[in-house]
Amino acid sequence: MLSKRLIACLDVRNGCVVKGVQFEGLRNAGDPAALARRYNVEGIDELVILDVTATLESRQALAETIRAVSRELFIPLAVGGGIRSLDDAEAAIDAGADKVSINSAALGYPELITRLAARYGSQAIVVAIDAKRADGRFDVYSRSGSTVTARQAVEWAREAESRGAGEILLTSIDRDGTREGFDCELNAAVSSAVSIPVIASGGAGTFQHFLDVFTAGKADAALAASVFHYSEHAVSELKQFLASSDIPVRLQNT
Amino acid sequence: MIALIDYGAGNLTSVRKGFSAAGAELYTPRLPVDLAGADGIIVPGVGHFSATAALDSEWRMAIGDALERGVKLFGICLGLQWLFEGSDEDEEISGLGVIAGRCRRLPPTLKVPHVGWNSLEIRGPSRLLAGVEPGTQAYFTHSYAADITPEAVAVTTHAIPFASVVETDRVFGVQFHPEKSGTAGVRMLRNFVTLCSRND
C-alpha cells in the first residue's frame, strides 16, 4: 500500500538553515546538509529546501546546498523559493534537485507550469499554493502570502494539474506557524478535486495533527519544519504513532 | 564501463549520483556505436512513453548486439516500461520487446499518478534484489505499469498489483527510482554494478 509521506522543510538563507535546530550531536546546527542527514537517519521520506530570501547571493549558496545534500542522500529532494523561470529551475535541477516548487511565478505566468513539465516531466513540478480563508472561500495568495489574488485554491489546483503539475504543496496561511493543526477542510477540498498528490502544510504541532490531516484532510503527504525539531526522534516517533493508528508509513530507516 | 543512455527523457543527475555512491561512474554514449565497449547499459527515463521514440532502430540494434555479447541491461521507470512490447500510453511506439507483455494505465480507483513510497513484495530469487529485505519500500512516480509476467521478481500494489522489478539472465528493470529509494535503492544499484563486472 502507498505510504503517507512525511516531508521535512528546511528554510535556508545564504546557505544556512534559518530556524535554529538543537539536535544533540549535530556539530553545525545551521548546516542544511547536516540537518538533512539527521532527518534521513530518522526516516524522513522527502526533503524540501526552501530559499526564504531568493537573492542572487542566496541562490548561489542554494546550489551548493543542493549539491551537498543530493550527493549523499538518496531520497526525493524538492527545491523552492524564488524559482521564476526555466533557467532558475534548470539551476536547481542540475545541482541535484528532483523537483522544483513554484508559487508566485506560476500565478503570474501559468504557462511556466506547462513549459517546465514539458522539459522535466510532471513528476518534477510541484505547484505551491498559499491559501487563506475568507467568507467560506479559500483565496490564493502570492508573494509569500502578502498579496491576495483573484484565484480560489480548488480552481487553481485543478488548473495547475491540467497544466502539468505533478503535485500540489498546499499551505494554509491561517494555520502556518500556529501549531494548531493543519486546515483539514482546505486540504480535503483540494485533495478531492485533483488526482495528483496534495502535500499539506501549515499548522503542524502535535502527532494527532498529522493523523487528522491524513484522514479528515485526505492529504497524501504532510510537510513540517519546526515540529520535527522538537526532539531528536520526532520523525521516527511520529511514524510509529501513525502506524499504530493504521496509517501506512515507511517504517524502515533507509 | 557502464553506459547511461540520455535520450532526452528527464534529468539524469540523480541517476549519476546514485551510481556514484554505488561505486560506478557512468558514461553517456553519444551514438549507438559508443555502446561497443559497455559492460552494462542503463535506460533511465521519466515522462511520456512517446519519449522512447528517440531510441530508434540503430539504438535498438546496438542494445540487441550488446545483450548478445552478455552485456547487462537495466531499465529504470520509463526504461522498465520500454523493455516490454509496448504501452497503452502511446500505441504507435514499440518497446524493445525483450519481455513479453504491455504497460497499461493504473485504474483511477486510487490517485494516479502513483507517487510516493510503496512496498516490494519479492516473489522470486533475484540477483538485483540481493540483500534487499522483503517489504522494503521504494520511491515510485508513474501512471502506467507493466503486466505481471514470469520475469516479475517483485510486485507492488496500487489499486492493482503490477511488476515493480523484472529480471532475466541479462535484463533488469525497476518501475521505481532506486536512486531515490534510500540505502535499499543504492544496494540495488551496487548489485547491478557487480553483475556488470562479471561476464556470465
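What the table shows:
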| quantity | calculated |
| --- | --- |
| Flag if B:D88 is in contact with a Lys or Arg (Cβ under 7 Å, 6 or more places away or on another chain), touching a residue at least 24 places away in the same chain (Cβ under 8 Å) and acidic (D, E) | yes |
| B:V155 vs. criteria over 23 Å from A:K99 (Cα atoms), within 14 Å of another protein chain (Cβ to nearest Cβ) and part of a strand (DSSP E or B) | yes |
| Qualifying position, being modelled with pLDDT under 95, of a type in the set (S, T, N, Q) and out of contact with any strand residue (DSSP E or B) (no Cβ under 6 Å at 6 or more places or on another chain), among A:S146, A:S70 | A:S146 |
| Matching residues, region A:214-231, being closer than 25 Å to A:V41 by Cβ, out of contact with any helix residue (DSSP H, G or I) (no Cβ under 6 Å at 6 or more places or on another chain) and touching a residue at least 24 places away in the same chain (Cβ under 8 Å) | A:F214, A:D220, A:A221, A:L223, A:A224, A:A225, A:S226, A:V227, A:H229 |
| Count - residues of region B:38-64 that are without any contact (Cβ under 8 Å) to a residue 60 or more places away in the chain, assigned to a helix (DSSP H, G or I) and closer than 30 Å to A:A165 by Cβ | 5 |
| Of all residues making up region B:123-146, the number that are assigned to a strand (DSSP E or B) and more than 14 Å from chain A (Cβ to nearest Cβ) | 1 |
| Qualifying positions in region B:157-185 - over 23 Å from B:G97 (Cα atoms) and surrounded by 20 or more Cβ atoms within 10 Å (Cβ to Cβ) | B:H158, B:E179, B:K180, B:S181, B:G182, B:G185 |
| Enumeration of residues in region B:164-186 that are more than 9 Å from chain A (Cβ to nearest Cβ) and free of Cβ contacts under 8 Å to residues at least 60 places away in the same chain | B:S164, B:V165, B:E167, B:D169 |
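Conditions (1) over 27 Å from B:G135 (Cα atoms); (2) of a type outside the set (K, R), marked per residue:
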{"site": "A:D11", "(1), (2)": "yes, yes"}
{"site": "A:R38", "(1), (2)": "no, no"}
{"site": "A:I44", "(1), (2)": "no, yes"}
{"site": "A:V48", "(1), (2)": "no, yes"}
{"site": "A:T65", "(1), (2)": "yes, yes"}
{"site": "A:V100", "(1), (2)": "yes, yes"}
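The values are calculated or read from the model by the stated rules, or taken from the named source; none is laboratory data. Because the structure is a prediction, the values reported are computed rather than measured. With ideal geometry, Cβ positions are generated from the backbone for all residues, glycine too; neighbour counts draw on all protein chains shown.
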